[in-house]
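Working notes, beginning with the structure itself.
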Amino acid sequence: MRFSQVNQKAERTASAVISAIGKEEPSLADLITWLTDNFGIKFEVSPMDLSNHPVCGLVFQNPTTQAYKVVVDRNDSAERQRFSVCHELAHILREKELVFGFFDGNLENHNSEERFCNRFAAAFLMPEKSFRTKWASMSENFLIKKYSIAEYFGVSKETVMYRALELGLQ
């Protein structure tokens, strides 16, 4: 599966989840509540030192509590941790997608799955319609625009740059 197809699936999935939640700009807490309500999933989110690992976050099911444990690097910024939590929740959502009907095919390899989760996190945290509206209403000064939008959505400036590129705004 090409990355463009993975991107489209991630965008559609994020849009469907946002629609199911019923808010134009749902929070990460809204996503967790929605996953819990619709799939009976319990979560534990724990910051840990992951500096000796090649990841910013990971997720696994805790056999003792039967809850999913989402681990993020405590050394990362709050914005990066937020993105990592959303990315890890996308991994869980992919497991549940067939039940809810969001996903219509398998991702072929690890890179495709990681791409899906990154794109889902960006599309969920910065919904396309809201992002485009905010982008159009901001100063023409790219630096001011990037900082203002990052602050508005609670993400890093780099995440804003990637989202703008993905949506063809720069």
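Read-outs: derived from the displayed coordinates by stated rules, not from any lab. Here the structure is a predicted model, which is why all the values come from computation and not from measurement. Cβ placement follows ideal geometry from the backbone for every residue including glycine, while neighbour counts extend to all protein chains displayed.
Count charges around Cys86 for me, please; just the other residues with Cβ under 12 Å from its Cβ, Lys/Arg as +1, Asp/Glu as -1. Kindly include the intermediate steps, with their values, before the conclusion.
Values: positive: Arg80, Arg82, Arg119; negative: Asp30, Glu79, Glu88.
Net local charge, Cys86 excluded: 0.
Just to confirm the number: angle between the C-alpha axis of helix 157-166 and the first principal axis of the chain, 0 to 90 degrees, nearest 10?
80
Please list the radius of gyration and Dmax for the chain, considering alpha-carbon atoms only, with Å as the unit.
15.9, 52
Please give the Cα centre distance for the range 113-146 versus the range 48-96, rounded to the nearest Å.
One Cα centre to the other: 22 Å.
Cross-chain or 8 or more residues apart, Cα under 14 Å: how many lysine pairs in the chain fit that? Count them up, please.
Lysine pairs, 8 or more places apart or on different chains, close enough: 7.
Alpha carbons only, please: Rg and Dmax for the range 1-59, in angstrom.
Answer for the range 1-59, Rg first and Dmax second: 14.7, 39 Å.
Compare the Cα positions of Val17, Asn52, Ala164 along the charge dipole of the chain (+1 at Cβ of Lys, Arg; -1 at Cβ of Asp, Glu; about the Cα centre) and return the one farthest towards the positive end.
Working it through, the farthest residue towards the positive pole turns out to be Ala164.
With everything on Cα atoms, drop me the angle between helix 78-100 and the longest principal axis of the chain, reported from 0 to 90° to the nearest 10.
60
List the relative contact order of the chain as a percent without decimals, with contacts defined as Cα pairs under 8 Å and 6+ residues apart.
Computed value for the chain: 25 percent relative contact order.
Radius of gyration and Dmax for the range 127-170's Cα atoms, expressed in Å?
When restricted to the Cα atoms of the range 127-170, Rg and Dmax are 9.0, 22 Å.
Under a point-charge model restricted to the Cβ atoms of Lys and Arg (+1) and Asp and Glu (-1), what is the dipole moment magnitude of the chain relative to its Cα centre, in debye to the nearest 20?
It comes to approximately 280 debye.
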